[in-house]
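Accompanying notes for the structure given below.
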Amino acid sequence: MTRIEFFFNVDDKLQKIAEISEKAIVKNVKLMLLVQSADLATQVKEYLWSKDLAFLPNHAPEDVLASETPIVVDWEGKHFLHDEVLINLQHPHPIFFSRFRKLIEIVGMDEADKAQARIRYKFYRDRGYEIRSYDANTKEI
């Protein structure tokens, strides 16, 4: 069964994605980032490539090197190159989330984002998934 984690009260979603990505690469875990739009996918890819302290290689799923890259940034959810970790930045929940071993939801500070996250949280909980939640405002993450 898919393990689900929510990171909430996240000030900077791009920074949180970079932190999670860096930890995953160290552990040799592949990530798929599911974002809202093609424009946001471009923004996320550029952000990850520009990190000074960490090498966070990433590609779109249709890129030639995507299957060999630890981070795939997608907005359509049509190409599945692995089944390890899905980081969701879309509303509502991705219909294919259960094909991944782990799903990470990143929730920002604004009320609209929190409201959407509550709907997704309830959806997962009502289907019997165990959910772990982490408050980004604490040092225990």
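What to note about this one:
- Principal-axis tilt of helix 111-126 within the chain, Cα atoms, nearest 10 degrees: 80
- Relative contact order (%) - criterion: Cα under 8 Å, at least six apart; region: segment 60-141: 18
- Placing +1 on each Lys and Arg Cβ and -1 on each Asp and Glu Cβ, with no other charges, gives the chain a dipole about its Cα centre of roughly 600 debye.
- Ascending count of other beta-carbon atoms within 10 Å, so fewest first, for 75, 49: 49, 75
- Among 76, 111, a tally of other beta-carbon atoms within 10 Å of each Cβ gives an order, fewest to most, of 111, 76.
- Trypsin sites (Lys or Arg not before Pro) within segment 44-98: DSSP coil, no more than 13 neighbouring Cβ in 10 Å: 78
- In terms of distances greater than 24 angstrom between alpha carbons, the cross-link table entries 30/78; 45/122; 45/102; 23/122 yield 45/122; 23/122.
- Residue 95/residue 50 FRET efficiency (R0 22 Å; Cβ-Cβ; nearest 0.05): 0.10
- Taking only the Cα atoms of the chain, the ratio Rg/Rh comes out at 0.93, with Rh defined as the Kirkwood radius.
- Spin-label model distance (nm) - residue 27 vs residue 123, 7 Å beyond Cα toward Cβ: 2.4
- Normalised by the number of residues in the chain, the average gap of Cα pairs under 8 Å and 6 or more apart makes the relative contact order 38 percent.
- Average Cα contact separation per residue, segment 77-125, under 8 Å, 6 or more apart, as relative contact order %: 34
Read the figures in this text as sums done on the coordinates, not as results from a lab. Since the structure is predicted, the reported quantities are computational estimates derived from the model, not experimental observations. For neighbour counting, all protein chains shown are included, and Cβ atoms are generated from backbone atoms with ideal geometry for every residue, glycine included.
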